[in-house]
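Visitor: Sharing a structure here in structure tokens format.
The values are calculated or read from the model by the stated rules, or taken from the named source; none is laboratory data. Model, not experiment: these values are computed from the prediction. Note that we place each Cβ from the backbone using ideal geometry, even for glycine, and neighbour counts take in every protein chain shown. Please note that ligands, DNA and RNA were not included when accessible areas were found on the heavy atoms of the full protein model with its side chains. Shrake-Rupley method; radii C 1.70, N 1.55, O 1.52, S 1.80 Å.
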Amino acid sequence: MVKAREVVSVDVTGSERPILERGLVQVYTGNGKGKTTAALGLALRMAGQGGRVAFIQFMKGWDFYGEIEGLKNIHGLRHERTGTPDYVYRGQESPVDRNEAQRGFELARECLQCGLYDLVVLDELNVVLDFGLIELEPVMELLRSRPSHVEVVVTGRGAPEALSAEADLVTEMREIRHPYEKGMVSRRGIDY
């Protein structure tokens, strides 16, 4: 296994240097729009500084998300998706939903423990935890035991209180107004 102090990234000037001395845990939650979008922006920023990024999406098995193609174009970024191309209703989770959530957790474990990534985004993990598709404590232990330089972003509605309490940064997206209220449907390139 690579140790944290051995991990270096190449910055935009071509010199090798560690990106972060100390990685933090960030949580983006709430009912407002913008959680995944903010995480994508941070991934773009880190990649622009020469950092290595792992972007793991939970419960996003549909192929129509715009970020799927966009993330392919970012050097140094690993993108993984889990989930089925079906909406998951609380209380109606299937064994396949649980297996896909567990698969995502194993990908997260791999990316967080290897120490190769400067930023690991766990997109929609809050929803997985809120729905009980995986247990909270193994996630908390994984976050606590990651190499010290790795920044982690966890997104999704319904962030567990314990996760928010331990996070270094918590942002709650609060919906004030949304076009859905006027009957506007999801828009390509904006909402997906």
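Visitor: For a quick check: with amide H placed at 1.01 Å from N, whose amide H comes under 5 Å from residue 80's, ignoring anything fewer than 5 positions away on the same chain?
Guide: So residue 80 has HN proximity to 55, 56, 57.
Visitor: Something else: Just name one of 102, 73, 113: the one whose Cα is farthest towards the positive end of the charge dipole of the range 51-192 (beta-carbon charges, Lys/Arg +1, Asp/Glu -1).
Guide: Final value for the positive-end residue is 73.
Visitor: Follow-up question, since we're still on this one. If you put +1 on each Lys and Arg Cβ and -1 on each Asp and Glu Cβ, how big is the dipole of the chain around its Cα centre, in Debye rounded to 20?
Guide: Result for the chain is approximately 460 debye, rounded to the nearest 20.
Visitor: Write down the accessible area per residue of the chain in Å², having rolled a 1.4 Å probe over the full set of protein chains.
Guide: In whole numbers, the chain has 55 Å² accessible per residue.
Visitor: How large, in percent, is the carbon and sulfur part of the accessible surface of the range 15-55 at a probe radius of 1.4 Å?
Guide: Looking at the range 15-55 in its full context, I get 52 percent from C and S.
Visitor: Bin width 10 Å, alpha-carbon pairs only: give the P(r) of the range 69-123 as whole percents, running from 0 to the bin holding the largest distance.
Guide: 20, 44, 28, 8
Visitor: Related question: If I build a Gaussian network model for the chain, linking alpha-carbon pairs within less than 10 angstrom, which residue out of 144, 177, 81 has the largest mean-square fluctuation?
Guide: Taking springs between Cα atoms under 10 Å, the residue moving most is 177.
Visitor: Let me ask you something else. Tell me, what ³J(HN,Hα) does each residue in the range 26-31 have, in order and in whole Hz, if you take phi through Karplus 6.51 cos²θ - 1.76 cosθ + 1.60 with θ = phi - 60° and put x for Gly and Pro?
Guide: 10, 10, 10, 9, x, 8
Visitor: Please report the accessible area of residue 170 (heavy atoms, 1.4 Å probe, ligands and nucleic acids excluded) in Å², nearest 10.
Guide: Here the accessible area works out near 70 Å².
Visitor: Hey, in the GNM for the chain with a 10 angstrom Cα cutoff, which one of 104, 50, 61 fluctuates hardest?
Guide: Between 104, 50, 61, it is 61 that shows the largest mean-square fluctuation.
Visitor: So, with a 1.4 angstrom probe, what is the percent of accessible area on the range 131-192 that is carbon and sulfur?
Guide: Solvent-exposed carbon and sulfur of the range 131-192 make up 49 percent of the total.
Visitor: Here's another thing I want to ask about it. What length, rounded to one decimal in nm, is gained on full extension from residue 102 through to residue 188, with 0.36 nm per residue of separation minus their alpha-carbon distance?
Guide: Length difference between fully extended and current span is 28.0 nm.
Visitor: Residues with amide H under 5 Å of residue 28's amide H, sequence separation 5 or more or different chain, H placed in the peptide plane at 1.01 Å from N; which?
Guide: Result for residue 28 returns 154, 155, 156, 171.
Visitor: Return the long-range amide H neighbours of residue 146 (sequence gap of 5 or more, or a different chain), with a cut-off of under 5 Å between placed amide H atoms.
Guide: The answer is none.
Visitor: Could I ask something else about it? Any chance you could tell me what percent of the C-alpha pair distances in the chain go past 25 Å?
Guide: 34
Visitor: I need the calculated FRET efficiency for the pair residue 142 and residue 93, taking r as the beta carbon distance and R₀ as 25 Å, to the nearest 0.05.
Guide: 0.70
Visitor: Keeping every protein chain in place, order 33, 182 by accessible area at 1.4 Å, biggest value first, i.e. largest first.
Guide: 182, 33
Visitor: Report the equivalent ellipsoid semi-axes for the range 18-82 in whole Å, largest first, defined as the square roots of five times the eigenvalues of the gyration tensor built from alpha carbon atoms.
Guide: Ellipsoid semi-axes (Å, largest first): 20, 16, 10.
Visitor: Then there's this: Sum up the lysine pairs in the chain that clear both bars: alpha-carbon distance under 23 Å and a spacing of 8 or more or different chains.
Guide: 6
Visitor: Going from the alpha-carbon gyration tensor of the range 117-192, what semi-axes, largest first and in whole Å, does one get by taking the root of 5 times each eigenvalue?
Guide: 28, 15, 12
Visitor: If the only charges are +1 at each Lys and Arg Cβ and -1 at each Asp and Glu Cβ, what is the size of the charge dipole of the range 29-97 around the Cα centre, to the nearest 20 debye?
Guide: Computed charge dipole of the range 29-97: roughly 340 debye.
Visitor: From the C-alpha gyration tensor of the range 19-129, pull out the three semi-axes of the equivalent ellipsoid (sqrt of 5λ each), sorted largest to smallest, in whole Å.
Guide: Equivalent ellipsoid semi-axes, largest first: 24, 15, 14 Å.
Visitor: Further question: With all protein chains present, calculate the accessible area of residue 186 using a 1.4 Å probe and round the result to the nearest 10 Å².
Guide: Roughly 60 Å² of residue 186 is accessible to a 1.4 Å probe.
Visitor: Using just the helices of the chain, give the 222 nm mean residue ellipticity in deg cm²/dmol: DSSP H runs with n ≥ 4 each add -39,500 (n - 2.57), and the total is spread over all residues, rounded to 500.
Guide: So the helix-based figure for the chain works out to -10000 deg cm²/dmol.
Visitor: May I pose another question? Convert each backbone phi in the range 43-56 into a coupling constant with the Karplus relation 6.51 cos²θ - 1.76 cosθ + 1.60 (shift: θ = phi - 60°), then list the ³J(HN,Hα) values in order as whole Hz, x for Gly and Pro.
Guide: In residue order, the calculated couplings are 4, 4, 4, 4, 4, x, 8, x, x, 9, 10, 10, 10, 10 Hz.
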